[in-house]
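Asks: Okay, here's the structure, questions in a sec.
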Amino acid sequence: MELEKFKYDNKIVKYFAIATVVFGIVGMLVGLLIATQLFLPQLNFGIPYTSFGRIRPLHTNAVIFAFVGNAMFAGVYYSMQRLLKTRMVSDLLSYIHFWGWQLIIVAAAITLPLGLTTSKEYAELEWPIDIAITLIWIVFGMNMIGTILKRRERHMYVAIWFYIATFVTVAVLHVVNSFEIPVTAFKSYSWYAGVQDALVQWWYGHNAVAFFLTTPFLGLMYYFLPKAANRPVYSYKLSIIHFWSLIFIYIWAGPHHLLYTSLPNWAQSLGTVFSIMLIAPSWGGMLNGLLTLRGAWDRVREDPVLKFMVVAVTAYGMATLEGPLLSIKNVNAIAHFTDWIVAHVHVGGLGWNGFLIFGMLYWLVPRMWGTKLWSTKAANIHFWLGTLGIIVYALPMYTAGVVQSLMWKNFNAEGFLEYPNFLETVTQIIPLYMMRAIGGLLYFAGVIIMAVNLVKTAKQGSFISEEDAEAPALEKKKIVGGYWHNKLERRPVIFTTLVLVAIVIGGVVEMVPTFLIKSNIPTIESVKPYTPLELHGRDLYIREGCSNCHTQMVRPFRSETERYKGEYSKAGEFVYDHPFLWGSKRTGPDLHRVGGAYNNAWHLNHMYDPTSTSPGSIMPPYPWLYTDHINPEATAAKIRALRRVGVPYAEGFEDGEATRQLKNQAQQILTDLKNDPAKSLETIEGYAGAKITETSEIVALIAYLQRLGTDIKVKSTAQNQ
């Protein structure tokens, strides 16, 4: 049979690999900064662009989409060409994909510190960037599917299955979750509200972890681990069971992030059941990876590539056992909203994703530059630094999570909360936050060693931009006989369609009833839309990333209703929340019942100097709220956008009446502040060096905070008529 000669494109792989290392360093540096801010809040340097709430999403986006995303593309472009025995279908599409993705990352790095955010976890980027992500993802998909269609290898290897599932599912997740109504060029409101928004977001959020951080890396594991071990995959049939059960079950598990919230109980139960079922397919993948090393364990002691990959697969197994356990309600009641979840996420991120990326890079770079690794010893040092870093990071956070939960829930012999002041918990775990930062520093030091090692490796070799290859052309012949899955692998279009069907079913079953059956979200007559001033304040709350540290969801526990002095949160209270702001972590107390709990002067002092009202607080000050001003002229666009998504503002309300109400409510707050016996307003104005007026941002934020949770007590003043 005549062989066709062609060349693999290593240049695109090199570009993505370089971007992986660069953005890995940047993302982890930001992570170190925010970890340190939790015990040294002054490290935001008194400026808005480096405050915790704004750069925490910068860290998650940089690590997930810049570091892990670029690594995924590097591995996919390298492995896909060799598995399909063909060059990518279009060099142009490859480079549009690369440069488009980097521009998206740069846009994120600019907009997030500026406070341009949707606040939705892992989906914080505003609508123009969402559109860019969609377009670039389509480019990636066209390039991948086109390459599969022109392949020279009849069967699609298991890694390709996972790449297809990644492309299809991430596309569906991103598009559905990104339905939003633009207000300005960089401001939008979610199409969904309250409970529905929370369900859609965590359907997206959980499965972004599943199909961006897990399935593509399982594909990379199925390619690079056998290559590094020089062993075939342990079981082809196990990989089939693992793949189809994983992608079908994963999509149902999102509601386990919303246990004990206002989400309907049936949806919570579905999330729990499918999350527990996930143990089987997840461990099927882990065992298939580890058993592939049979007969090669003696090499693990010496080969840093195999060391990284073994720990990566083990961390995957640990994280995918812990995740389902955390979805059991009794366990979730202890761990949720605590630092336990931070530990869980980072075991997966640092161990599974990070270590697999490091192993892949150590394997890839010497081959693409036609040389050997510059220093095996340095790679081994990196391995031990990274492993120690994960341990020193995770153990204190697990401990902090247990401490937080026990202190939050502890009642004394008289039946009162033992620690009624939330800050008592915070101050108790500050030493653990310090240890976490040390763990992150160790891990980061290993990454720097790797970067030096890879640069030195490249310098001692010569880059092979176009790698020669040859393979027989794919014969077009009728498929007769063979294992059923072999037949399916020969039909990539049908395969891709079945993947789409498998991942859509769970989302449809969970979301459609929540949208169509009104009894899922009982309405509350006293709940009204936000006033214009409260709306501006809510947008400031979103801009400053307050939901990164504060939840707005009082769960139906006695410890919470007593601590936050109000009823547990009801689904009907959130019907006008675009987006929802329930949060996922309590570094500070829950705020859903904060309205009326403190006077206006308390909030005025607290935002300027948190320690003046809460000694020992690790919350940073927000001095810019006292010098910067809202734009009342933007009110009309906000009202119109919210009316389009169903908020019942009266027609024409924005044409004058909204501005009048805004000024009246602001003036009421200012009058109250001026009448404060402690003269807080005069004192703060002296510190801030600026006069606080009706349009000062702090006034709008106070209005919003004083509204929270008051609708089911008494009707709020200055309501929209």
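The values are calculated or read from the model by the stated rules, or taken from the named source; none is laboratory data. These numbers come from a predicted model, not from an experiment. All Cβ positions, even for glycine, are placed from backbone atoms using ideal geometry, and neighbour counts span all protein chains on display. With ligands, DNA and RNA removed, areas are computed over all heavy atoms of the protein, side chains included. Shrake-Rupley method; radii C 1.70, N 1.55, O 1.52, S 1.80 Å.
Asks: Can you confirm whether region 73-86 contains a residue that is outside any helix (DSSP H, G or I) and within 30 Å of residue 258 (Cβ to Cβ)?
Replies: No, region 73-86 has no match at all.
Asks: Residue 90 passes all but one of (1) of a type in the set (S, T, N, Q); (2) surrounded by fewer than 20 Cβ atoms within 10 Å (Cβ to Cβ); (3) farther than 30 Å from residue 472 by Cβ; which number fails?
Replies: Result: residue 90 passes all but (3).
Asks: If you don't mind, there's one more thing I want to ask. Within region 269-301, how many residues are surrounded by fewer than 22 Cβ atoms within 10 Å (Cβ to Cβ) and touching a Pro at 6+ places or on another chain (Cβ under 7 Å)?
Replies: Of the residues in that region, 3 qualify.
Asks: For the condition part of a loop (DSSP other than H, G, I, E, B), touching a residue at least 12 places away in the same chain (Cβ under 8 Å) and within 30 Å of residue 337 (Cα to Cα), what is the one hit in 293, 270, 263?
Replies: On the way: 293 fails: within 30 Å of residue 337 (Cα to Cα); 270 fails: part of a loop (DSSP other than H, G, I, E, B).
Result of the check over 293, 270, 263: 263.
Asks: Among the residues of region 656-693, count how many are surrounded by fewer than 17 Cβ atoms within 10 Å (Cβ to Cβ), assigned to a helix (DSSP H, G or I) and among the β-branched types (Val, Ile, Thr).
Replies: Residues meeting the conditions: 3.
Asks: Restricting attention to region 341-376, report how many residues are in contact with a Pro (Cβ under 9 Å, 6 or more places away or on another chain) and of a type outside the set (Phe, Trp, Tyr). Can you show your working first?
Replies: Quick first cut of region 341-376, residues in contact with a Pro (Cβ under 9 Å, 6 or more places away or on another chain) only: 343, 358-359, 362, 372-374, 376.
Among the residues that remain, those that are also of a type outside the set (Phe, Trp, Tyr) are: 343, 359, 372-373, 376.
Adding up the residues that qualify gives 5.
Asks: Give the residue that is farthest from residue 674 (Cα to Cα), with candidates limited to residues of region 595-632 that are in contact with a helix residue (DSSP H, G or I) (Cβ under 8 Å, 6 or more places away or on another chain) and among the polar types (S, T, N, Q).
Replies: Per the criteria, the residue is 617.
Asks: Being in a helix (DSSP H, G or I), of a type outside the set (A, V, I, L, M) and surrounded by 20 or more Cβ atoms within 10 Å (Cβ to Cβ) is the filter here; which residues of region 142-175 pass it? Steps first, answer last, please.
Replies: Initial filter on region 142-175 (in a helix (DSSP H, G or I)): 142-149, 158-175.
From what's left, of a type outside the set (A, V, I, L, M): 143, 146-147, 161-163, 166-167, 169, 174.
Residues satisfying the conditions are 143, 147, 161, 162, 163, 166, 167, 169.
Asks: Show the residue pairs that are 6+ apart or on different chains and have beta-carbon atoms under 7 Å apart, the first residue being within region 403-427 and within 20 Å of residue 615 (Cα to Cα) and free of Cβ contacts under 8 Å to residues at least 12 places away in the same chain, the second being among the polar types (S, T, N, Q) and open to solvent by less than 50 Å² (accessible area, probe 1.4 Å).
Replies: Here the result reads 418/412, each pair linking region 403-427 to a residue that is among the polar types (S, T, N, Q) and open to solvent by less than 50 Å² (accessible area, probe 1.4 Å).
Asks: Continuing with this model, one more query. For the condition within 30 Å of residue 389 (Cα to Cα) and either open to solvent by 80 Å² or more (accessible area, probe 1.4 Å) or among the acidic types (Asp, Glu) (or both), what is the one hit in 456, 476? So that I can check it myself, show each step before the final result.
Replies: Numbers: 476 fails: within 30 Å of residue 389 (Cα to Cα).
One residue alone meets the criteria, 456.
Asks: Still on this structure, I have one more. Would you call residue 381 open to solvent by 10 Å² or more (accessible area, probe 1.4 Å) and touching a residue at least 60 places away in the same chain (Cβ under 8 Å)? Before the answer, list the steps.
Replies: Values: open to solvent by 10 Å² or more (accessible area, probe 1.4 Å): yes; touching a residue at least 60 places away in the same chain (Cβ under 8 Å): yes.
It is true that residue 381 is open to solvent by 10 Å² or more (accessible area, probe 1.4 Å) and touching a residue at least 60 places away in the same chain (Cβ under 8 Å).
Asks: Please determine, by comparing only the residues of region 33-57 that are hydrophobic (A, V, I, L, M, F, W, C) and over 17 Å from the mean Cα position of the chain (by Cα), which one is most open to solvent (accessible area, probe 1.4 Å).
Replies: Taking region 33-57 and keeping what is hydrophobic (A, V, I, L, M, F, W, C), we get 33-35, 38-40, 43, 45, 47, 52, 55.
Among the residues that remain, those that are also over 17 Å from the mean Cα position of the chain (by Cα) are: 33, 38-40, 43, 45, 47.
Numbers: 33: 48, 38: 15, 39: 49, 40: 67, 43: 48, 45: 134, 47: 72 Å².
Out of the qualifying residues, it is 45.
Asks: Please list, ordered by residue number, the helices (runs of 4 or more DSSP H) wholly in region 519-633 having 2 or more residues that are open to solvent by 20 Å² or more (accessible area, probe 1.4 Å) and over 25 Å from residue 46 (Cα atoms).
Replies: Numbers: elements: 532-543, 558-563, 600-608, 610-613, 624-627.
It comes to 558-563.
Asks: Residue under question is residue 79, and the condition is that it be out of contact with any Leu (no Cβ under 8 Å at 6 or more places or on another chain), polar (S, T, N, Q) and crowded, with 21+ Cβ neighbours inside 10 Å; does it hold?
Replies: Details: out of contact with any Leu (no Cβ under 8 Å at 6 or more places or on another chain): no; polar (S, T, N, Q): yes; crowded, with 21+ Cβ neighbours inside 10 Å: yes.
So residue 79 fails the test.
Asks: Here's another thing I want to ask about it. Scanning region 468-518 for residues that are of a type in the set (Phe, Trp, Tyr) and more than 18 Å from residue 144 (Cβ to Cβ), which turns out modelled with the lowest pLDDT? Please lay out each step first, then the result.
Replies: First pass over region 468-518, keeping only residues of a type in the set (Phe, Trp, Tyr): 483-484, 495, 515.
Still in the list and also more than 18 Å from residue 144 (Cβ to Cβ): 483-484, 515.
On the way: 483: 74, 484: 78, 515: 89.
Only one residue tops the list, namely 483.
Asks: Being assigned to a helix (DSSP H, G or I), open to solvent by 40 Å² or more (accessible area, probe 1.4 Å) and of a type in the set (A, V, I, L, M) is the filter here; which residues of region 312-334 pass it? Walk me through it before giving the result.
Replies: Of the residues in region 312-334, the ones assigned to a helix (DSSP H, G or I) are 312-326, 329-334.
Among the residues that remain, those that are also open to solvent by 40 Å² or more (accessible area, probe 1.4 Å) are: 314, 318, 321, 325, 329-331, 334.
Correct list: 318, 321, 325, 331, 334.
Asks: Sticking with this one: Just to be sure, is residue 366 touching a residue at least 24 places away in the same chain (Cβ under 8 Å), assigned to a helix (DSSP H, G or I) and over 24 Å from the mean Cα position of the chain (by Cα)?
Replies: Working: touching a residue at least 24 places away in the same chain (Cβ under 8 Å): yes; assigned to a helix (DSSP H, G or I): yes; over 24 Å from the mean Cα position of the chain (by Cα): yes.
Spelling it out, residue 366 is indeed touching a residue at least 24 places away in the same chain (Cβ under 8 Å), assigned to a helix (DSSP H, G or I) and over 24 Å from the mean Cα position of the chain (by Cα).
Asks: Please go through region 98-116 and give me each residue that is assigned to a helix (DSSP H, G or I) and either open to solvent by 20 Å² or more (accessible area, probe 1.4 Å) or within 22 Å of residue 143 (Cβ to Cβ) (or both), ordered by number. Spell out how you get there, then give the answer.
Replies: Residues of region 98-116 assigned to a helix (DSSP H, G or I): 98-111.
98, 99, 100, 101, 102, 103, 104, 105, 106, 107, 109, 110 - these are the residues of region 98-116 that are assigned to a helix (DSSP H, G or I) and either open to solvent by 20 Å² or more (accessible area, probe 1.4 Å) or within 22 Å of residue 143 (Cβ to Cβ) (or both).
Asks: May I pose another question? Restricting attention to region 337-378, which residues are among the charged types (D, E, K, R) and crowded, with 20+ Cβ neighbours inside 10 Å? Don't jump to the end; show me each part of the working.
Replies: The initial filter retains those residues of region 337-378 that are among the charged types (D, E, K, R), namely 339, 367, 372, 377.
Within region 337-378, just 339 meets the criteria.
Asks: When you go through (1) over 29 Å from residue 360 (Cβ atoms); (2) in a helix (DSSP H, G or I) one by one for residue 242, which number turns out not to apply?
Replies: With (1) over 29 Å from residue 360 (Cβ atoms); (2) in a helix (DSSP H, G or I) applied to residue 242, the lone miss is (1).
Asks: So in region 176-189, with the set limited to residues that are of a type outside the set (Ser, Thr, Tyr) and in contact with a Leu (Cβ under 9 Å, 6 or more places away or on another chain), which one is most open to solvent (accessible area, probe 1.4 Å)?
Replies: Here is the first cut: in region 176-189, the ones of a type outside the set (Ser, Thr, Tyr) are 176-177, 179-183, 185-187.
Now drop any that are not in contact with a Leu (Cβ under 9 Å, 6 or more places away or on another chain), which leaves 181, 183, 186-187.
Numbers: 181: 8, 183: 28, 186: 82, 187: 32 Å².
Looking at the filtered set, the residue picked out is 186.
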